[in-house]
Amino acid sequence: MLTKRDFLIAGGAAGLAVRAPRAWAQGGAGGELPDLAAKATPISPEEHQLRIEKAQALMQRQGIAALVIEAGSALTYFTGIRWWRSERFTGVVIPREGTPVVITPYFEEPSIRESVKVETQVRTWHENENPFALVAGALSDRGYEDGRIAIEETVRHFVSNGIAEAAPAFDLVSGMSVTRGVRMYKSPAELALMQVANDITLAAYKHIHPKVEPGMSQGEISAMMNEATTQLGGSVEFSMVLLNEASAYPHGTNTPQTVRDGSVILMDCGCGVHDYESDISRTWVFGEPTKKQRDVWNTVKAGQELALETAQLGVRAGLVDETVRAFYESKGYGPGYETPGLSHRLGHGIGMDGHEPVNFVEGEDTLLAPGMCFSNEPGIYIFGEFGVRLEDCLYMTEDGPKLFSPLSPSIDRPFG
């Protein structure tokens, strides 16, 4: 899945276009800030093991022999192993019973063992060997000669194809129902880390907001935000700044913009704390807002509040988007995903990845349940003029939705 962070890293938006920074940007965001992540507790080995057991229970109920995951957030989620994707396969085979098997190049084994948090076997392959034969061997050693192998939904084609060729007696199926069945429901420990990440992002916003000056570029504001986020203990995931007309396009334009009197400033920023992410957007005006800017901001704000009211236990996730979209249409925006109006889904799941299943999007039938986490980010975009987006993340509790960050109070006081 292409995430907001991936898009920005690829240079798809002007929000991160950086010119030579000013002296103050090179010297920091202004004073030392407290490390809000200093006491954050990483996910324990016991919780990683519990996740594996939950996945195995789902596999047993669904008649799946094993789940295959390659390097990425899912590998970290289940095993604690932090690894990158390359042309060399590193991954794990989680059987429906018993100990998982990690498969990695021979020369990577010592590094892999540094971060693994659960009991596993580690099987290695040399450069002249087929790693997918080890997948087949792990299945055979557990007595699985045929059946269904679930493939985690982000696994690349060459991996799944290699497994299919090495284990032709098995049927490869989507592992979505297994991985989503565990990852979508956050534990108290996960929610605590997400809370710290959100606290850091909001604190960074509050720190840099009064420091924005006329003539600043998107890149200069972004650099200031990144500096503050780092000082506060967060790992910067993305820091998008859209100025003036660029705010009308959810991911910006390639046209350079600078702050001037009356500028709309739309920022969309997030950080990570022990693998868990925040995602907060704020929009305000540098100087005095026009009546149109104020009216659009207030309409977006009303939609965000309506989304929060709609997101109750047992409600279809799609209804949250549909309800807000209908409200905006009643105000003359749209219809549907057309502009002027809300041209993107109302929100996305979030956790270890900035974008996770499921979404607040029209037609999504998944019912809201405790532990689910979402962004609540309505916007109204007027091409050629400006846009407004407000975003805060929430999680579902037994008593309904709860916010990680307070909603923006007003266009004049975006951070309270």
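Numbers at a glance
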| item | result |
| --- | --- |
| Breaking point among (1) assigned to a loop (DSSP other than H, G, I, E, B); (2) in contact (Cβ under 8 Å) with a residue 60 or more places away in the chain; (3) under 14 Å from Val285 (Cα atoms); (4) not β-branched (Val, Ile, Thr), for His251 | (3) |
| Residues of region 262-276 satisfying the condition of being assigned to a loop (DSSP other than H, G, I, E, B) and either open to solvent by less than 10 Å² (accessible area, probe 1.4 Å) or in contact with a Phe, Trp or Tyr (Cβ under 9 Å, 6 or more places away or on another chain) (or both) | Gly262, Ser263, Asp275 |
| Residue among Pro210, Pro188 that is more than 26 Å from Tyr77 (Cα to Cα) and either free of Cβ contacts under 8 Å to residues at least 12 places away in the same chain or within 16 Å of the chain's Cα centre (by Cα) (or both) | Pro210 |
| Residue in region 105-115 that is nearest to Ile52 (Cα to Cα), counting only those that are at pLDDT 95 or above and open to solvent by less than 40 Å² (accessible area, probe 1.4 Å) | Ile112 |
| Residue list for region 134-163, filter: part of a helix (DSSP H, G or I), of a type in the set (A, V, I, L, M) and touching a Phe, Trp or Tyr at 6+ places or on another chain (Cβ under 8 Å) | Leu134, Leu139, Val159, Ile163 |
| Test set (1) surrounded by 19 or more Cβ atoms within 10 Å (Cβ to Cβ); (2) more than 27 Å from Val264 (Cβ to Cβ); (3) free of Cβ contacts under 8 Å to residues at least 60 places away in the same chain - Asp365 fails condition number | (1) |
| Residues of region 303-318 classified as under 16 Å from His348 (Cα atoms) and either of a type in the set (D, E, K, R) or without any contact (Cβ under 8 Å) to a residue 24 or more places away in the chain (or both), total | 2 |
| Of residues in region 213-235 being closer than 30 Å to Glu46 by Cα and without any contact (Cβ under 8 Å) to a residue 40 or more places away in the chain, the one surrounded by the most Cβ atoms within 10 Å (Cβ to Cβ) | Thr230 |
| Residues satisfying the stated conditions in region 291-301, i.e. open to solvent by 70 Å² or more (accessible area, probe 1.4 Å) and closer than 15 Å to Glu245 by Cα | Lys292 |
| Conditions (1) open to solvent by 50 Å² or more (accessible area, probe 1.4 Å); (2) touching a Ser or Thr at 6+ places or on another chain (Cβ under 6 Å); (3) free of Cβ contacts under 8 Å to residues at least 24 places away in the same chain: number failed by Thr323 | (1) |
| Enumeration of residues in region 309-318 that are buried (at least 18 other Cβ atoms within 10 Å of the Cβ) and in a helix (DSSP H, G or I) | Thr310, Ala317, Gly318 |
| Residue list for region 164-176, filter: assigned to a helix (DSSP H, G or I), open to solvent by less than 60 Å² (accessible area, probe 1.4 Å) and in contact with a helix residue (DSSP H, G or I) (Cβ under 8 Å, 6 or more places away or on another chain) | Ala166 |
| Residues located in region 119-133, provided they are of a type in the set (Phe, Trp, Tyr) and within 31 Å of the chain's Cα centre (by Cα) | Phe132 |
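The values are calculated or read from the model by the stated rules, or taken from the named source; none is laboratory data. Everything numeric here is computed off the predicted structure, so don't read it as measured data. Cβ sites come from the backbone with ideal geometry, for glycine too, and all protein chains shown count toward neighbours. Just so you know, the surface numbers come from the protein's heavy atoms only, side chains and all, with ligands and any DNA or RNA stripped out. Shrake-Rupley method; radii C 1.70, N 1.55, O 1.52, S 1.80 Å.
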